[in-house]
Amino acid sequence: MTPNDIPDSEYHAARATLYCGAAAAFTYPSEETVSELLDPAAREGIERAAETVGVTEEATALLEALEETGLEDLQVAYNNLFGLPSDDGTYAVIPYEAHYTTRDEISSEQRRIATVVGLLEEFGLEPSDDFAERQDHVAAELELAQVLAGQRAVALESDEPVAAERVAKAEATVLADHLVEFVPALAHDLRQATDEDAYVAAANLVEELVTYDNGQHPEPTVSAEAASGGEAP
């Protein structure tokens, strides 16, 4: 059973829901994206999932901040944080894993990005036509975590323990070798760079979710680089 004594499949489905919401919070806040997050059924699902996983405070704060913040204000804040460089050419927050894990060393950065691309391809995740970011963008990696959690839920619901174990090992790798390696630092930078409640709440939710989730998974038996045929940076 899970830490909350509910069926394993329901627990991992709740994790998938939360990763989906977190990924959406780190994409450009279009009217469609915000409306989908605040749709009554979606909101109820996120709140229920947050209670299951134990991140109710953080998820509720994000939903409330999105509801209370105008779309234009969200878009301005997003561009100021991620989309527009300052006068000296730097960005307030850089939402890419390799920025945090390779210290901008070019060859290491390229290998790191290739590793992430390999993981995304392995689990059938391709960027949509309107996603113009690198594939080590935090939203893409959170979506990968969503897909893995969803696949694990389906495998358990379908009584396929071998498939569920394979996904669990992949999740451990993605969490330990990728998400937990940069999401807490990204969340810290985000909190330092803005006082916009929605993005402070998004930072708090994603840090708590990734840190908690990593603690629930065993140490990965194979590194991400080895799993994808690459080299460690």
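The length gained by stretching the chain between V162 and E219 to full extension, at 0.36 nm per residue less their Cα-Cα distance, is 18.7 nm. Using a probe radius of 1.4 angstrom, the carbon and sulfur fraction of the accessible surface of the chain is 47%. Spatial offset of the stretch 1-77 relative to the stretch 92-109 amounts to 27 Å, using the alpha carbon center of each. In the context of the full set of protein chains, residues of the chain present 50 Å² of accessible surface per residue (probe radius 1.4 Å, heavy atoms only). Given a 1.4 Å probe and the protein chains as shown, I6 ends up with an accessible area of around 40 Å². Residues of the stretch 45-79 falling in the label zone of E31, defined by backbone nitrogen less than 19 Å from a point 7 Å along Cα to beta-carbon, are 66-79.
Spin-label pair E68-L38: with each label point 7 Å from Cα along the Cα-Cβ axis, the two points sit 1.3 nm from one another.
Summing charges over all other residues whose Cβ lies under 9 Å from the Cβ of A50, with Lys and Arg as +1 and Asp and Glu as -1, gives -3.
When R43, R111, R15 are compared by accessible area at a 1.4 angstrom probe, the order from most to least is R111, R43, R15. Stokes-Einstein at 20 °C, 1.002 mPa s, Kirkwood radius from Cα pairs: D for the chain in µm² s⁻¹? Here the translational diffusion coefficient equals 119 µm²/s. Under a model in which nothing but the beta-carbon of Lys, Arg (+1) and Asp, Glu (-1) is charged, the chain shows a dipole of about 660 debye around its Cα centre. Inter-label distance, D130 to S107: 4.1 nm, where each label sits 7 Å from its Cα along the C-beta direction. Hey, if you put +1 on the Cβ of every Lys and Arg and -1 on every Asp and Glu Cβ in the chain, which of T17, V174, P220 ends up farthest toward the positive end of that dipole? Farthest towards the positive end: P220.
Expected output is a single nm value to one decimal: the length gained when fully extending between F123 and N79, i.e. 0.36 nm times separation in residues minus the C-alpha distance. What is it?
Separation in residues times 0.36 nm, less the Cα-Cα distance, equals 12.8 nm.
The values are calculated or read from the model by the stated rules, or taken from the named source; none is laboratory data. Since we're looking at a predicted model, the values are computed, not measured. All Cβ positions, glycine included, derive from the backbone under ideal geometry; neighbour counts span all protein chains shown. Surface accessibility is based on the protein's heavy atoms, side chains included, excluding ligands, DNA and RNA. Shrake-Rupley method; radii C 1.70, N 1.55, O 1.52, S 1.80 Å.
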